[in-house]
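Have a look at the structure below, then the notes.
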Amino acid sequence: MIADDQTMVRAGLRRMLEQQPDMSVVGEAADGLAAVDMAHRLRPDVALVDIRMPYRDGLEVTRQLTGSPTRVVVVTTFDLDEYVYAALRGGAAGFILKRSGPALLVEAVRAAVAGESLISPSVTVRLLRHITGPRHAPGDTPLTGREIEVARLVAAGWSNADIAAELFISPGTVKTHIANIQAKLGTRNRVGIAVWAWETGHAVR
C-alpha cells in the first residue's frame with residue numbers, strides 16, 4: 001500500500017514496485033486518515049508512508065499501525081534526524097529517502113516482509129557519526145575476516161547488491177553472511193551491524 005498526498009509520487013512508487021514479479025500495489029491513500037483505514041481493511045504486507053500528509057502525518061500513521069500485520073516503511077524527502085528517530089521509535093521497519101532510487105526501495109520492502117529493517121545509507125551513516133571512537137578492541141571480534149568485510153560495507157551504507165559486486169560474491173552469499181553476522185552479534189538488523197562496526201573501529205571513517 002502507498003500513502004502519499006502527491007498523485008505523481010504515488011504513481012512513481014507504484015511503477016517501481018509493480019515492475020517486480022513478486023510485488024503488487026493493493027491500494028493508494030492520499031492522507032494519513034485514509035491510510036490507517038485502508039491498512040486495516042486491506043491488511044497489506046507493507047505500507048509505504050510519507051511523513052507529511054493531511055489529517056495525520058506519517059509518524060502518527062506508523063504508530064497506529066504498530067502491532068498490526070502491516071509493516072511500515074517511511075518514504076520521504078525529509079531526512080531530518082527527529083523524523084528518523086520518531087519513525088523508528090514508532091515502529092517503522094525502514095526509513096528511505098525518495099531520492100534513494102528504485103533498487104533501495106525494493107530492497108526496503110523485501111526487508112520489511114522478512115522482518116528486517118533498512119534505512120537509507122546516507123541517513124544511517126550520518127546517525128552513526130556521533131560514535132567517535134572504538135568501545136571495544138578491533139581484534140576482539142567473533143566474526144571471520146570475510147564477515148568483517150561485509151560488516152564494514154554495511155556500516156558504509158552499501159546495499160546487498162553493491163556488497164556482492166565489490167566482494168565478487170553473489171547477493172545470496174551476502175545475505176547469508178549478514179544473517180550469520182546478526183546471529184553472532186545478537187543484532188536484529190543492518191543498523192545493529194553498522195553500530196557494532198563503528199563501536200569496534202571496523203567502520204570506514
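Worth a mention:
- Residue of VAL36, VAL61, VAL154 that the Gaussian network model of the chain assigns the largest fluctuation, springs spanning Cα pairs under 10 Å: VAL36
- Computed label-point distance, nm, for sites ARG110 and GLN19 using a 7 Å Cα→Cβ extension: 1.4 nm
- Think of a 1.4 Å ball rolled over the protein heavy atoms: the chain then has 49 Å² of accessible area per residue.
- Dividing the summed helix terms, -39500 (n - 2.57) for each DSSP H run of n ≥ 4, by the number of residues in the chain produces a 222 nm estimate of -15000 deg cm²/dmol to the nearest 500.
- Taken over the chain, the alpha-carbon convex hull comes to 113 cubic angstrom per residue.
- Nonpolar atom fraction for the stretch 134-200, defined as the carbon and sulfur part of the 1.4 Å probe accessible area, stands at 54 percent.
The values are calculated or read from the model by the stated rules, or taken from the named source; none is laboratory data. What you see is a predicted model, and the numbers here were worked out from it, not measured in a lab. Cβ: placed from backbone, ideal geometry, glycine included. Neighbour counts: every protein chain shown. Just the protein is used for accessible areas: all its heavy atoms, side chains included, with ligands, DNA and RNA removed. Shrake-Rupley method; radii C 1.70, N 1.55, O 1.52, S 1.80 Å.
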